[in-house]
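The values are calculated or read from the model by the stated rules, or taken from the named source; none is laboratory data. Model, not experiment: these values are computed from the prediction. Reconstructed Cβ throughout: ideal geometry from the backbone, glycine too, with neighbour counts over all protein chains shown.
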Amino acid sequence: MKVTNFVSPDAKIGKNVRVWHFAYVGANTIIGDNVKIGSLAHVDYNVKIGSGTMIEGSVYIPPLSRIGKNVFIGPAAVLTNDPYPPSKKMIGVTIEDNAVVGARAVIKAGVTVGKGAVVAMGAVVTKDVPAGKVVMGVPARVVYTRREFDAKMKAWENSQS
């Protein structure tokens, strides 16, 4: 069985980039070093992705989006680029360095997810997320800080269960 991806010939791909099965990388996209793009992910045209970023399977990243360095985007997350579909004017999503986007989150066109922010799984983000904050819910709202998130994650990782 032959497994295929599509990576546009004019995409600029950094060193040690891994693109998994059946993924798509569009024209004029720039991907930094040490990026991982999961199976069935769709990275459309004119997207920029910083080094060290991990994009899980079935993620959709629309044209004009900007993803920073060391970002994690969980499975089946969807970024949008049209706040009033089907409009002729598009705007991407910006996710700044060290941010986390959980599985199945949806982020509205034009939104910025600030540095070190966390979008919880299943959240629907309609407004900018401040740097260092954690948002969850529908619509997403700030629930605590990244510092609190990191402490909860460490406690989870150290638990016996």
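Figures for the structure shown
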| read-out | value |
| --- | --- |
| Candidates Lys133, Lys88, filtered to the one that is free of Cβ contacts under 8 Å to residues at least 12 places away in the same chain and of a type in the set (Lys, Arg) | Lys88 |
| Qualifying residue in region 43-61 (condition: charged (D, E, K, R) and out of contact with any strand residue (DSSP E or B) (no Cβ under 9 Å at 6 or more places or on another chain)) | no |
| Sole residue being closer than 22 Å to Asp150 by Cβ and not small (Gly, Ala, Ser), chosen from Ile37, Ile73 | Ile73 |
| Filter pass, Ile31 being of a type outside the set (Lys, Arg), at pLDDT 95 or above and farther than 23 Å from Met136 by Cα | yes |
| Selected residue (criterion: nearest to Gly114 (Cα to Cα)) from residues of region 54-100 that are at pLDDT below 95 and basic (Lys, Arg) | Lys89 |
| Verdict on Leu64 being of a type outside the set (Lys, Arg) and in contact with a Phe, Trp or Tyr (Cβ under 7 Å, 6 or more places away or on another chain) | no |
| Residues being in contact with a strand residue (DSSP E or B) (Cβ under 8 Å, 6 or more places away or on another chain), over 13 Å from Thr80 (Cβ atoms) and part of a loop (DSSP other than H, G, I, E, B) - total across region 108-120 | 3 |
| Residue among Ala123, Ala151, Ala131 that is over 12 Å from the mean Cα position of the chain (by Cα) and closer than 16 Å to Val59 by Cα | Ala123 |
| Residues of region 4-26 satisfying the condition of being surrounded by 14 or more Cβ atoms within 10 Å (Cβ to Cβ), among the hydrophobic types (A, V, I, L, M, F, W, C) and either farther than 20 Å from Thr94 by Cβ or modelled with pLDDT under 95 (or both) | Val7, Ile13, Val17, Val19, Trp20, Phe22, Ala23 |
